[in-house]
Every structure is written in structure tokens, then in C-alpha cells.
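The values are calculated or read from the model by the stated rules, or taken from the named source; none is laboratory data. This is a predicted model, so every value here is computed, not measured. For neighbour counting, all protein chains shown are included, and Cβ atoms are generated from backbone atoms with ideal geometry for every residue, glycine included. In case anyone asks, the SASA skips ligands and DNA or RNA and just uses the protein heavy atoms, side chains included. Shrake-Rupley method; radii C 1.70, N 1.55, O 1.52, S 1.80 Å.
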Protein chains: 4
Amino acid sequence: MQSQTIQRKILRTICPDEKGLIAQITSICFSHHLNIVQNNEYVDHRSGRFFMRTELEGLFDDERLLADLDRVLPSGTQRELNQAGRRRIVVLVTKEAHCLGDLLMKSAYGGLDVDIAAVIGNHDTLRILVERFDIPFHLVSHEGFSREEHDARMAEQIDRYSPDYVVLAKYMRVLTPTFVRHYPNQLINIHHSFLPAFIGAKPYHQAYERGVKIIGATAHYVNDDLDEGPIISQDVINVDHTYTAEDMMRAGRDVEKNVLSRALYRVLAQRVFVYGNRTIIL
Amino acid sequence: MQSQTIQRKILRTICPDEKGLIAQITSICFSHHLNIVQNNEYVDHRSGRFFMRTELEGLFDDERLLADLDRVLPSGTQRELNQAGRRRIVVLVTKEAHCLGDLLMKSAYGGLDVDIAAVIGNHDTLRILVERFDIPFHLVSHEGFSREEHDARMAEQIDRYSPDYVVLAKYMRVLTPTFVRHYPNQLINIHHSFLPAFIGAKPYHQAYERGVKIIGATAHYVNDDLDEGPIISQDVINVDHTYTAEDMMRAGRDVEKNVLSRALYRVLAQRVFVYGNRTIIL
Amino acid sequence: MQSQTIQRKILRTICPDEKGLIAQITSICFSHHLNIVQNNEYVDHRSGRFFMRTELEGLFDDERLLADLDRVLPSGTQRELNQAGRRRIVVLVTKEAHCLGDLLMKSAYGGLDVDIAAVIGNHDTLRILVERFDIPFHLVSHEGFSREEHDARMAEQIDRYSPDYVVLAKYMRVLTPTFVRHYPNQLINIHHSFLPAFIGAKPYHQAYERGVKIIGATAHYVNDDLDEGPIISQDVINVDHTYTAEDMMRAGRDVEKNVLSRALYRVLAQRVFVYGNRTIIL
Amino acid sequence: MQSQTIQRKILRTICPDEKGLIAQITSICFSHHLNIVQNNEYVDHRSGRFFMRTELEGLFDDERLLADLDRVLPSGTQRELNQAGRRRIVVLVTKEAHCLGDLLMKSAYGGLDVDIAAVIGNHDTLRILVERFDIPFHLVSHEGFSREEHDARMAEQIDRYSPDYVVLAKYMRVLTPTFVRHYPNQLINIHHSFLPAFIGAKPYHQAYERGVKIIGATAHYVNDDLDEGPIISQDVINVDHTYTAEDMMRAGRDVEKNVLSRALYRVLAQRVFVYGNRTIIL
């Protein structure tokens, strides 16, 4: 049944590439009297994969629209139709405030279409900051628990809020495969180096030792391997010989928070498609 | 009549926005058994204008394809169908070698799909460099001529080569309106500042005097007003208090040549659409 | 009289350039058994001006040190010896939260050696945010007051806190010359454009209209002329034809806050020297 | 004996840090009636090492100046006094033209104070380009030779020109330790990735596979280990999912040549100090 108010929705399509896909998809939208506000598509010629993001406006009959699409789209097509607009996240933290602070500010004062349902920390350090913004903070300490137990307790706490995404805002714990698989394409991490340089712990110290002239940060989806998921956004700044590892850390904080929030901005707008270990951003 | 060899062509469409345009255009391409290698489009909601670049591959019957498109596209549509691939330019210079040198290198050794038909200078300084690359150099001195006369002689020399574009690679002369109108959307200039900062002469000296911490360069189409045409590409570099105007000039040269060649790369790929004083790059 | 605890101080010297200045100044520091932690100097050859920042550690007898320096330094020398470390600011705001939020976060959680003594707004919009961080907020409305009267009331409120610097964190009011002169080299403003492009109001709208491909922000000292003081820091980001003026505004906010906090970091470290309309950053 | 014409020289000092070093060194220069055009120094507090670059102008008595310095400087001091100005290099190449072309242009038309004494290739591909600039090109083919033999033949050819530096402008061969040790701090390489990411062969393909959003280039001194020497300069550009490995290669070429020429600019100005695996650039 068709809704009675004008809505904006995002249709995301991934399928094997075929001649005429754009024509077929957009014709169907057209036949539903939907206006295409924005359409972006990409064909990965190496894998023969077609990706399309279609921003639609009008009166939607979701069921019929998807059924009409399924009739013409090749088998093996993944398609989803989601409401545009505000999303809901849970943020995981340890002790560092800068990425969290930026998310709190942007959620409250504009910049990210996001509600922070809760913040969960394995330390209590950031409770006061979170509570200043009237958002629930939960301490889920890892002390006395195995990694598996701790992750299970984290997941339990997270799932109470049914978030669209879980943002690791300098959450300094390695995640178990069980935890990661529980949130497919929902976990977004900020790593404090320009990946794949300086994987693992203490990247600024590694960068200092190597004598690099540029440092960076990387926001990525988390998959099974540490610091190995599909990259969403990266940025860098110049450093020189006068920077100690601590100076790099301080300067890097601004890059980290910028990169994380830029990545999240695109994810929230449903612009990011994951394919293998790469992202397509439409 | 349909050609018998597989070709790659670019269809460029500008028209008033309407529901279903993408579907209609791509359906027609589809009905011609053409493969869409890449499709990019943009709607400027403020002006209600639709822009689309469609890269097509297959056996083309240009006349019939355009006729089919004209049947469905709104009145006032501008559309063109061009062969993809190598273009032909004439380069105008004065005395500075860096932008010219980069174009010569990229034309000869890869990086730009371009043939430099000729280089024309109002000074003879760069003749040797050009002739080293076995390209004709013409001196068209401005001495003893009015601006109008000189531009007319330039145009005469340029037009012998029927170039697709005329590239002003640090050609340090103000152009007459007659000259500019003779090459609509064909004149590409590199200005040695981050426009609209420091319009006019000696931008590095202006930048030095103002004490800026960043300098830049701007590649743009030339229209009637000096340094005022639609911007295609810009880039910047950091400077500090130790830079004299001369240091800025030296450091700026790399930015200038990079920006010019990036702009040209996009123009040659027929990705740049001009609308009013802005460019849409698809 | 010499202090009895090891301290760190910054000696800043500006004087006409002469042969042997570095030797003379550092020799005197040496004779006081002070360790030079860091020394940076710059000679502006155009103006014949010498600038030096010397970071010293040891037991200081300020009076004797300055007297010894005055004996050897040329007449017309400005020199100051200040404690290194934490400074005190008052922040002026209107309605936008992002720069203020970043300063509040960095003051509370590290990143800037600064105490925010108070925030003063000409609107009440940001009171809640400021009070969340347990910092006094004062509303000094401009309604019903002439510009001169309002500035006088602002100054009165500011001066109660005797700040080292006054930071205009998107304070959207033109300042009177009287106000500006009251805080020589103490007023730091963030302007939301890459100066000198787009001076004045609504720079993002100007940038949109001009079709630029890069936007930026500028932190500068305020002098008598609007947006004309010595530039401390600038940065930019890329934009394209898909950005509306509102998109530029949103993306620009991160640049604005980064640039302001980088400028402030250098000012707080007493690295910034003003000479004419330029800054020397040592 | 003192020279009779005003000269400009660079004094470079590396020694264990001690109180009063700047005062002592500059005092001695002062006592020689030398003008300090520019002085930059840095203390690495971790290693307790002092680095200073002093640009001097005047009538030099080198022997006496160095003797005076040796009297006051700590044991273990390395100091050198070199003429400022133009240096002499030999360039090694394989088949790619872009870095070489930029060096040829800047040597001939300004931008680098450098004479290219000769270009040596292990392929003949670039002979024509080099000879266009009236510079000798030597083919030293590696075919039929062991790595050791080939490097010995290269060194023999290089040494005929007694260059100050040997620049590897996309010379795609791994060097033997013997060769590397023969040119201590004289070998400058451009690596086509943002080191330490993507060490080794085909970095653009590695970058493509990893799905990075930024690619870069690194200029560094060559020491025994492949791609492991002290970094002089790095730069990056943004890429996205539309870039194939070949697109990255093309876009990366501009970064490579810029980074190499920026590194060389600093090396030629004798601003680069090597300490362990890091560079200090004064």
C-alpha cells in the first residue's frame, strides 16, 4: 500500500553488471512516479559488479517497488530501500576524549545526522563528559573477564539500544571474531595511522621511529583482522623532525576526529558500499 | 548508417531537469545495443538543470541515436556525441617554461591524451625548448601592434591548426573580448593564485604583502573578464614567513603546472560542463 | 634576585638586525647558567628586522637577565621574558557551537594549554553548552545599544577576567576601533574563508557563487580593518559542484575549528611575532 | 689565508649537545667578521645531539675558522664548511620519463640549483629525451651481468663525473650493499608509495588491492635495506574507488616528481642532516 506523505528514501543496488541496468531501475522508479533526487552508480569492471545509490522522493509503495525491481534485476542482486535521514549509534570508548567529544558536539549541534543512543567504555574516564551531554554512559570493565566474556557483555549492552552502527571512537581493545561477525558492516573504527602503514599498537611511536614526514588516520569497517577492514576515509598532516611521538599524537588527534566524522557522514548518508576489502562511495 | 567497428564515444547532455531523464536516455542507448561504460549525472536543483555524461561503447549510428534522443528530450536540450580519446591543442606562452615543459613531457611520454599542434609565443624565449620536442613554434610579437591587431594575428596563427582547445600556459597578456568570443569554452588559462584572491598582476607579490600562509593556482576557462571565467581546478601549498615573493614564485610553479595539467586532463576526457560561471565535472 | 626552583621561560626579542646578535643573546643566557631548550630566529632582510624566540630552563634572575640584555641589544629593541605554560583566555561567541566546542574540549581534555576563564555571547544560544563544562557564560546583548556602547560593555565584562588573549570563536559582530585598540595583539579571530578571498559576510555563499573548487578558513589577529589583521594560520579543503553553500558551510566548520585551534596553539606557545601585517612563527 | 671576495658558505655542525654551543659557534663566526644570513639549529633531546646549519657571508679563511671552531666544540663533532650554490648530480633511470623530465626542465629553466652531469640508464628508452637537453646519456645494460657486476659498471660510469649526489629517478633496480656504501648520504631515491606502506614492487597495485583512499610518494636516502633509508620528503593525493591501479600510477607520477624535486631542493641547499634513520631539515 502506498504511503500518503512525501518521503525521501535511498535505494541501494549491488548486482552483476548487465547492459541496461540503469535504464531498467530508473524506469521502474519513474513508473512509480518517484523523483530521482540524486543517482550515482559505479561499475567495477574487474569484478563485473554494478553498484547504484538512488535517492528518491515521492509517495512510496515499498513492497511493490521492490517486487517490480526483483522482476528485472539479475539473480544475485542485493537491494535495499531505506528511509533517508537520522541514524542511531552506540559509541565505544576507552580513555581518549577527542573523537567522542566531536561526535557529541556534532550530534547535539549539527554536522552529523545521528543520535548517540549510549556510550560504553571499558574504563570510567569519560563518564562525566558523556553525562554532560545527557547521554547514558555504561562502564563494561574488561577486568577479570576473558576477551570472549567481555565482548559478550559489551554486545549485550550495545544490543539493548538496537543501533544502526557501532562506532569505535578510540576503543583500544582487540575484538573477538564472534563480536565482529555479530555486527556485519556495522562496526566503524578510527585507527591512528595512515593504514596500511603502522598497523597495530603505538602507531605514532612507530611513525616517529621511522622518521616519516606525514602522519595520518584511517576510518574503516572492522572485519576479522585487526586494522584490516575496508577503508572508508583517510587523511594526513605534515610533521617534521621537531615532532616527538607525543607531538605527533597531539597533532594527530585532530586528524583522527575529522576522518572519523567524515567517514560517518558518508555511512549515515548510505553512500558507502562494501565489496571485498574495498569501499565504493557513491 | 551504423559503423562497423566498436567505438567509444561520449554523450553529453544538458537540459532542464525532468522526471525520468536518466531512464529515457539510458533506455535509448540500451535500445541501440550500446554498452554504458560509465554514466555520471548531476542535477543542479537551484537552476533546475540536468547534466549527464555517458561513456558508450559499441557500434554507433550517430544520426539515428541523436534523432531518437531529440524525440524524448525536452526542448532547449544541448547534447553532443563525441569520439573519446586524443585531442589537439595549441599552447600560448610568454617566457616561463614550467607549464609548457610539463605539457610537452606529458604529450610525448604519457599523462595527457593530447597532441600539441603548435606553440605560439609573444616572445621567442621558449623556441628552443619547443623545437627540442619537434613541435612548431611561432613567434607572434606584440611589439608595434595594438592589442586588437595582435590578438587577430594570434587567432590567425592558431586557427591554422584547428585545435580543440587553446591552452594559455603562462601567457602573460590580457585578451581582447573579440579573441575570447572566438574560442567559446575552448580557452583554458592557468592563473598563479588561488582565485578569487589576488586577481591581476603579480599575485605572489600580493600574497607576500598580505602575509598569507597558503598560496595556490587556478585553472579556468577564459571569458570576457580577466581572471573571472569558470574555475576547473585549484590547488594550494603551505608557505611561511621565510618565503620571499620569489620563493613563493618558485614553489608556486609546481602547483601551477599540476593544476593546469589536472584541469586539462578532465577537459580532454570531456568531463567538464560549463554552466554560468561554474563548472560541473562529471 | 634569583628564583630557587628550575623554571622554563620564553625570551622574545625583536630588534634591528646587527651582526652578532645571536652570539650576544645566547652568551648572556649562557653566562646566567640557563639552558637553551630551543632557539629559533629569523631575519627579515627586507625590513632589516631580527626576531628570536629562546626557550630557556634554569634558575632565573629576570631583572638582571633583562638588564644584561639591554646593555648589548641595539636601541629600539623589544624584548620580553614570560613564563612558559598555561594561558588564560576569554572566548566571544554568537550562535555557532563548533569552534567553541573544540576549545572547551581541548581546554578540559588536553590539546591546548589554556584556561577558558569565561565565554561571552551576544546571544544566549550557547549558554547550556558552556555551563556543561562548568565555565561562566555571560550574555551581553547588543540589542538596544550602539556598536560603541555594546563593545564597551563587552570590554568591561572581558576585563574582569584579565585574559591573556580574547578569542573570537565565530563572534559575528564587527568590532569598533576603540575595542580593537584596547587589546593590542590579543584578539584572535577565525574567519570562514581563505583570506583575502571572500572578505566580509557570507563567504560560503560567495564561494558557491564563484564556483571555487577549494574553500578554507583563516585565523588572524584583529586590527582596525575588518578581516585584515595579520594571518596566523590557514587551511583548506576540496569541494566540487555537488556542494551547495550549505554543504560548504558544514564541511567548512571542521576547517574553521582546526585552523583556530592550530593558531591558538602557536600563540599560546609564544611562537607568533607580529610585524606590520605579517606574522613570523618561530 | 683569507679570500679576497665576498662569498656565501654553509657551516654544518653535528655534535653532542652542550650548554652554550650556539653562543660559541656564532661568536667565532662573529669574530671572523662573517655575517650570519640564516641560522637554524635543532637539539634532539632523546639522543642529546645538536644540529646547526649556519649560512654565512663574508671573506672566509676556512682553515682558521675551522680551527677556531675545533678549539671550542666538543670531541666527536662533525662539522663541514661548504660553498653555497650549484651542485652536480648524475641521474639514474630505467624507462619512466616523468621524474627525469622534471629534473631536466628545472636544471635548464630554473627551480633547482643543479647541473645534470649525465644520465645513466639500464635501458635505452630515455636516451632521446636526455639528448634533447644536450646532456650525455649512457646505457649500462644489466643483461648478462650479475647484480654485483652491473652495479660495479654503473659506479664506474658515475664516478667519471664526480657528482655531489646520485639521483635515482625511477631507477627500478635493487642496489647492492657495495654500491650503496660507495655513496654514503649521496644516493637519493624516489619511491612510488607513502612509505612505510607498500614497500617493494608494484606499490600502486598493492594500494589498489588494499582499497586506500590516499596514495603518495617518498624521497629518501638509500641505505642497505630496500626502501628503508632516511626519509627526506613525502606527499600524497586523494584517490577513490573509481581509480584503477593504472589511474593511481598516472596520478601518482605528478606526486613522485614533486616529492623528488622538493627533496632535492633541500639537499642541494645543504639543509638535510641524517641522524640514524631520520632526517633533520634545517
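Partners of D:K95 within straight-line reach, counting aspartates and glutamates whose Cα lies under 13 Å from its Cα and excluding those fewer than 8 residues away in the same chain: D:D124. In order along region B:129-145, the phi-based Karplus estimate (6.51 cos²θ - 1.76 cosθ + 1.60, θ = phi - 60°) of 3J(HN,Hα) comes to 4, 5, 5, 4, 9, 6, 10, x, 10, 10, 8, 10, 5, 8, 5, x, 10 Hz; Gly and Pro are listed as x. Among D:E156, C:E63, the sequence by solvent-accessible area, most first, with a 1.4 Å probe is C:E63, D:E156.
Per residue, the solvent-accessible area of region B:87-281 (1.4 Å probe, heavy atoms of protein chains only, all protein chains present) comes to 35 Å². Centroid-to-centroid, using Cα positions, region D:44-119 and region B:42-69 are 58 Å apart. How far is B:R181 from the same spot in each other copy, in nm, shortest first, if each label point sits 7 Å from Cα toward Cβ? Distances to the matching label points in the other copies: 5.3, 7.3, 7.5 nm. Placing a label point 7 Å from Cα along the Cα-to-Cβ direction at B:E148 gives distances to the equivalent points in the other copies of 5.5, 7.9, 9.0 nm, listed shortest first.
Remark: relative contact order (chain B) = 15 percent; criterion is Cα-Cα distance under 8 angstrom and separation of 6 or more residues. In order along region D:13-25, phi translates into HN-Hα couplings of 10, 10, 7, x, 5, 8, 5, x, 4, 4, 4, 5, 5 Hz, rounded to whole numbers, per the Karplus curve 6.51 cos²θ - 1.76 cosθ + 1.60 with θ = phi - 60° and x for Gly and Pro. With all protein chains in place and ligands, DNA and RNA left out, the 1.4 Å accessible area ranks A:M248, D:M249 as D:M249, A:M248, largest first. Ordered from largest to smallest accessible area (heavy atoms of protein chains, 1.4 Å probe), the residues C:L268, C:L66 come out as C:L66, C:L268.
The accessible area of D:T244, taken with all protein chains in place and a 1.4 Å probe, comes to roughly 60 Å².
Remark: label point of C:E246 defined 7 Å out from Cα along the Cα-Cβ vector; separations to the same position in other copies 4.2, 4.6, 5.2 nm, ascending. Per residue of C:31-37, other chain Cβ atoms within 10 Å of the residue Cβ number 3 on average.
For B:I120, the residues whose amide H sits under 5 Å from its own are B:V91, B:L92, B:V93, B:H138, ignoring neighbours fewer than 5 places away on the same chain, with H placed 1.01 Å from N. In this structure B:F30 has an accessible area near 80 Å², from a 1.4 Å probe over the protein heavy atoms. Proximity of backbone amide H atoms, modeled 1.01 Å from N, is registered between C:I214 and C:V239 at under 5 Å, excluding neighbours fewer than 5 places apart on the same chain.
Looking at the P(r) of region C:22-114, how many percent of alpha-carbon pairs lie beyond 19 Å? Every Cα pair in region C:22-114 considered, those over 19 Å come to 56 percent. Averaged over the residues of B:208-221, the number of partner chain Cβ atoms lying within 10 Å of the residue Cβ comes to 5. Which of the residue pairs A:K202/B:K106; A:K9/C:K213; A:K19/B:K257; B:K106/C:K202; A:K213/B:K106 have a Cα-Cα distance greater than 32 Å in the structure shown? Listed pairs above 32 Å: A:K202/B:K106; A:K19/B:K257; B:K106/C:K202. Calculated translational diffusion coefficient of the protein assembly as shown (37 °C, 0.692 mPa s; Stokes-Einstein with Kirkwood radius over alpha-carbon pairs) equals 101 µm²/s.
In chain C, helical runs assigned H by DSSP with n ≥ 4 each contribute -39500 (n - 2.57); averaged across all residues and rounded to the nearest 500, the mean residue ellipticity at 222 nm is -10000 deg cm²/dmol. Looking down the axis that turns chain C into chain A, the chain C residue with its beta carbon nearest that axis, and the gap rounded to whole angstrom, comes out as C:R132, 2. Which translational diffusion coefficient, to the nearest whole µm²/s, is obtained for region A:87-281 from the Stokes-Einstein equation, given a Kirkwood hydrodynamic radius over C-alpha pairs, 4 °C and 1.567 mPa s? This corresponds to a translational diffusion coefficient of 77 µm²/s. In whole angstrom, note down how far apart the Cα centers of region B:152-203 and region A:236-282 are. Their Cα centres are 39 Å away from one another.
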